[in-house]
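What follows draws every value from the coordinates through simple rules; no lab data is involved. Small disclaimer: the values here were computed from a predicted structure and weren't measured. All Cβ positions, even for glycine, are placed from backbone atoms using ideal geometry, and neighbour counts span all protein chains on display.
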Amino acid sequence: MGLFLSTAVNKIDKKGRVSVPSHFRNVVSALSFQGVILFPSHHHACLEGFGIDYIEEISNRLDTFDLFSNEQDDLATTIFGESVQLAFDTDGRILLPQELREHAGLTNEAAFVGMGQKFQIWTPEGFQARKSASRANVASKSLTLPKGQ
């Protein structure tokens, strides 16, 4: 699988459609579903986005919990119960449901932010604030990546 990289800002039309950046569409082009899965972030005023393959991996990871445990139920509800599967139209656009637009405060523009195997969708202003906070956290905590196996 490819990775979602970089940031792109695209306009949202009056119907709530937004063009997914072509390099993001390329990441999911070989998958069984030609589109993306979005759900509201549990931590930020943004949307979390994935290809179908990563959602399947999340489902497999949830299988490590007991089937009827509260933990499995809560996570499945907040991930799958709030997820929306959005197919690309012929122009590479998706229709953002009103509920998702409201959660992220999206009106006229959407900032698609690559994060490796996932991406997020922010307002451009919201992402600038998040980026500044992230950079400050990395610097103040001297965060680095762990060594590979």
(request) Normalising by the residue count of the chain, find the relative contact order in percent from Cα pairs under 8 Å and 6+ residues apart. (result) 34 percent
(request) Read phi for every residue in segment 17-23 and hand back ³J(HN,Hα) as whole Hz from Karplus 6.51 cos²θ - 1.76 cosθ + 1.60, θ = phi - 60°, with x for Gly and Pro. (result) 8, 9, 7, 6, x, 4, 5
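Is the C-alpha gyration tensor of segment 20-136 telling us rounded, prolate or oblate? Criteria: a/c under 1.5 is rounded; beyond that, a/b larger than b/c is prolate, otherwise oblate. Provide the component values of the computation, followed by the final result.
On the way: a/c = 1.73, a/b = 1.25, b/c = 1.39.
Oblate, because a/c is 1.5 or more while a/b does not exceed b/c.
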(request) Count the lysine pairs in the chain whose Cα atoms sit under 28 Å apart, keeping only pairs 8 or more residues apart in sequence or on different chains. (result) 10
(message) Restricting to DSSP H runs of at least four residues, report the calculated mean residue ellipticity at 222 nm for the chain, -39500 (n - 2.57) per run over all residues, nearest 500 deg cm²/dmol.
(response) -10500 deg cm²/dmol
(request) Give the shape of segment 78-149 as rounded, prolate or oblate, defined through the alpha-carbon gyration tensor: a ≥ b ≥ c are the square roots of its eigenvalues, a/c under 1.5 means rounded, and otherwise the shape is prolate if a/b is larger than b/c and oblate if not. (result) prolate
(request) Report, by chain and number, residues whose modeled amide H sits under 5 Å from the one on residue 118, excluding near sequence neighbours (fewer than 5 apart, same chain). (result) 4
(message) I need the phi-derived Karplus couplings for segment 58-67: 6.51 cos²θ - 1.76 cosθ + 1.60, θ = phi - 60°, integer Hz, Gly and Pro marked x.
(response) 4, 4, 4, 5, 5, 5, 6, 7, 4, 3
(request) Compare 39, 88, 68 in a GNM of the chain, Cα atoms joined below 10 Å, and give the one with the largest fluctuation. (result) 68
(request) Grab the other residues whose beta carbon is less than 11 angstrom from that of residue 51, score K and R as +1, D and E as -1, and report the net. (result) -1
(message) Relative contact order of segment 22-106, please, whole-number percent, based on alpha carbon pairs below 8 angstrom and at least 6 residues apart.
(response) 36 percent
